[in-house]
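Accompanying notes for the structure given below.
The values are calculated or read from the model by the stated rules, or taken from the named source; none is laboratory data. Just so we're clear, the structure is a prediction, and the values are computed from it rather than from any experiment. Reconstructed Cβ throughout: ideal geometry from the backbone, glycine too, with neighbour counts over all protein chains shown.
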Amino acid sequence: MAKAASITPLTPAAQAMQHPVEIGLSAAIVSIADDKPQVLVVHHPDSRDALPFGPFDPLRHRTLESGLRTWVKEQTYLEFEYAEQLYTFGDRGRHVQGPGEGSRVVSVGYLALTRATGELKAPDTRWGEWYRYFPWEDWRSSKPEIIDAVIVPALRAFVKKSNDSHQADQRRSRVRICFGLDGLHWDEERVLERYELLYEAGLVDEALHDGRVQDKAAMPHPALGFTMAFDHRRILATAISRLRGKMKYRPVVFELMPATFTLLDLQKTVEAISGNQLHKQNFRRLVEGQGLVEGTGKFTRTGRGRPAELFRFRREVLGERRAPGVRLGARRTGV
């Protein structure tokens, strides 16, 4: 009888060659226009919006950020000043592929801020208001109806489907914390946690695209926010969480403001980002008392009221205080 051929185990290096990894770069490029927070999106062939993204070329790009700036300019004709790295997204399934369909894509996400809000010249690009992707995050006028009408009942059903009491307690606690139920406050920074909870519960279309949900009929109708390609809505949620948190201890909001602005313009921008409505006089005392702005002595007329003074950002504040950000004051409860 012929002797069976022995199989030599693959070395770790050989295994890695069989499962190549590609590094991608994704950008959540944010601006404000008409008191609306916008993100630059590319229209995807399957009718879903996508964040600008492309591969990192280690031979062409000196750093990850330089690579990001290079291909964003090539794809969108847009440049930006402020950028910071968010997170590395590498979950299996983030770019759904079948066997033998290429590398696993690990994406490094970035938050970028720009004052450019005009018409985009690159094909298939546009500004998308970020609350169309996360309608439950905009509390500026009132609590979004979608929370009590759709989200809370669906999440309570998700709790009831738990495998055991321990899992049910964990899910119930996450629902209460994320959506400010039972007297807890609404924390505007938990954008990513809320989205991930909705994804885990199978309540967003991405769960269907990723294979987490098999039955479209079991999902709420209409869909919870506009879906995005791949895991780009998760990357955008991470960017919104970062920006909402960071503007409280760093003056990043001024990266979105023109050289001179009224205090009402600044308030509307902070409200657009945070999703919260702020008290006008309290906000004015806050930014002036913390030395964030200074008057220019010039005025502009808006509407029929008195002319409003123009202010500028005081960059000296960066050397005067450790955390010169814009605090939002009291938080609302989700009930």
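Tabulated values for the structure
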| quantity | calculated |
| --- | --- |
| Conditions (1) modelled with pLDDT under 95; (2) buried (at least 16 other Cβ atoms within 10 Å of the Cβ); (3) not in a helix (DSSP H, G or I): number failed by Gly183 | (2) |
| Filtered residues of the stretch 82-116 (kept if at pLDDT 80 or above and part of a loop (DSSP other than H, G, I, E, B)) | Thr114, Arg115, Ala116 |
| Considering residues of the stretch 312-335 that are among the hydrophobic types (A, V, I, L, M, F, W, C) and in a loop (DSSP other than H, G, I, E, B) only, the residue modelled with the lowest pLDDT | Ala330 |
| Any chance Leu243 is modelled with pLDDT of 90 or more, in a helix (DSSP H, G or I) and touching a Pro at 6+ places or on another chain (Cβ under 9 Å) | yes |
| The stretch 231-260 - residue that is in the same structural domain as Gly291 (by TED's automatic domain parsing) and touching a strand residue (DSSP E or B) at 6+ places or on another chain (Cβ under 6 Å) and, of those, surrounded by the fewest Cβ atoms within 10 Å (Cβ to Cβ) | Thr260 |
| Residues within the stretch 278-309 that are in a loop (DSSP other than H, G, I, E, B) and surrounded by 14 or more Cβ atoms within 10 Å (Cβ to Cβ), tallied | 3 |
